[in-house]
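> What follows is a structure written as structure tokens; I'll ask about it next.
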Amino acid sequence: MASQLFASTITSWIGLRSAKVRLLDTHTDEFRSLYTRMKRIFPLAANKLSRRAYVLVQEFIPGTALKHVHHVDLEKWIRGKAAAPAPGSGAEGSALSNSSSLMKQSCYAMGHLSALDALFYYDGDRLPIVTQTKGNGGNIILSPDEFKICAIDNGANFINNDRRAKIYFEECRKVFRQFLSSPNTPAKQMEMVRTMMLRYTGWRVPDEEFLLPIQRGFVSS
């Protein structure tokens, strides 16, 4: 819980949208009300939480997780050929002829967020840039209509081994050097991001409209 609180606070401090989180004492009236409602739907989870001294409450963020965006919608948004749908509304949002530029801004913000994950949190549970994991697009939410991103499930992981820390931050330096040396071409690390999106959507995301804004956002951090 401390890890989530710390990471979410830092993310908000640097100007990125992050789901708000707070601690809730299980001896308060607020928790008892929450417990009563939860028990009707998720009795096992409610009982498990009731045995804790504190629980973590996270803000609900309307939107669509990056991993659940349909490839047809993603392609249209990136190419600027369609408005963004308002998730859950059953209708499209207001016409956005500049959806392409809005998506680029969101990708740029994803780059900012990825640099924060890499340098502060040692966390590869979003875009696989430094850690080269499979990535997790479920922790990036695209908001309805505006394409603005929001980070959820933030976590701070700390390296308590000097040797591992030295190796890891050398990898960070390599990423920055390679990104700076190829400002107009996606560096090799970005291929893992492309692979992640291909796994989610079945569509090979383009360089200029998707990968390069992420890379540039990472470097600008």
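> Given the conditions (1) open to solvent by 20 Å² or more (accessible area, probe 1.4 Å); (2) in contact with a Phe, Trp or Tyr (Cβ under 7 Å, 6 or more places away or on another chain); (3) at pLDDT 85 or above, which single one is not true for Ala115?
So Ala115 meets the others, but not (1).
> When Arg204 is evaluated against the numbered criteria (1) crowded, with 17+ Cβ neighbours inside 10 Å; (2) within 23 Å of His68 (Cα to Cα), which criterion, by number, is the only one it fails?
Evaluating Arg204 over (1) crowded, with 17+ Cβ neighbours inside 10 Å; (2) within 23 Å of His68 (Cα to Cα) leaves (1) as the failure.
> Check off (1) open to solvent by 30 Å² or more (accessible area, probe 1.4 Å); (2) within 23 Å of Glu171 (Cβ to Cβ); (3) in contact with a Gly (Cβ under 6 Å, 6 or more places away or on another chain); (4) at pLDDT below 80 for Tyr122 and give me the number that stays unchecked.
Failing condition for Tyr122: (3).
> Report every pair of residues separated by at least 6 positions or lying on different chains whose Cβ atoms are under 9 Å apart, first residue within the range 27-39 and open to solvent by less than 100 Å² (accessible area, probe 1.4 Å), second part of a helix (DSSP H, G or I) and of a type in the set (Asp, Glu).
No pair meets every condition.
> Anything in the range 1-26 that is open to solvent by less than 50 Å² (accessible area, probe 1.4 Å), assigned to a loop (DSSP other than H, G, I, E, B) and hydrophobic (A, V, I, L, M, F, W, C)? List them, or say none.
Within the range 1-26, Leu16, Ala19 meet the criteria.
> Looking at the range 165-185, can you tell me whether even one residue there is under 29 Å from Ala2 (Cβ atoms), open to solvent by less than 60 Å² (accessible area, probe 1.4 Å) and touching a Pro at 6+ places or on another chain (Cβ under 6 Å)?
Checked the range 165-185: no residue is under 29 Å from Ala2 (Cβ atoms), open to solvent by less than 60 Å² (accessible area, probe 1.4 Å) and touching a Pro at 6+ places or on another chain (Cβ under 6 Å).
> Is it the case that the range 147-159 has a residue that's open to solvent by 80 Å² or more (accessible area, probe 1.4 Å) and more than 27 Å from Leu56 (Cβ to Cβ)?
No, that holds for no residue.
> Please verify whether the range 169-182 includes one or more residues that are within 15 Å of Gly111 (Cβ to Cβ) and among the hydroxyl-bearing types (Ser, Thr, Tyr).
Of all residues in the range 169-182, those within 15 Å of Gly111 (Cβ to Cβ) come to 172, 175-176, 178-180, 182.
Those still in the list that are among the hydroxyl-bearing types (Ser, Thr, Tyr) too: 182.
Yes, some residue in the range 169-182 is within 15 Å of Gly111 (Cβ to Cβ) and among the hydroxyl-bearing types (Ser, Thr, Tyr).
> Quick one: would you say Val193 is open to solvent by less than 10 Å² (accessible area, probe 1.4 Å), among the aliphatic types (A, V, I, L, M), over 17 Å from Asp73 (Cα atoms) and within 13 Å of the chain's Cα centre (by Cα)?
yes
The values are calculated or read from the model by the stated rules, or taken from the named source; none is laboratory data. Everything numeric here is computed off the predicted structure, so don't read it as measured data. FYI the Cβ positions are ideal-geometry reconstructions off the backbone, even for glycines, and counts take in every protein chain you see. These area figures cover heavy atoms from the full protein model, side chains too; ligands, DNA and RNA do not enter into them. Shrake-Rupley method; radii C 1.70, N 1.55, O 1.52, S 1.80 Å.
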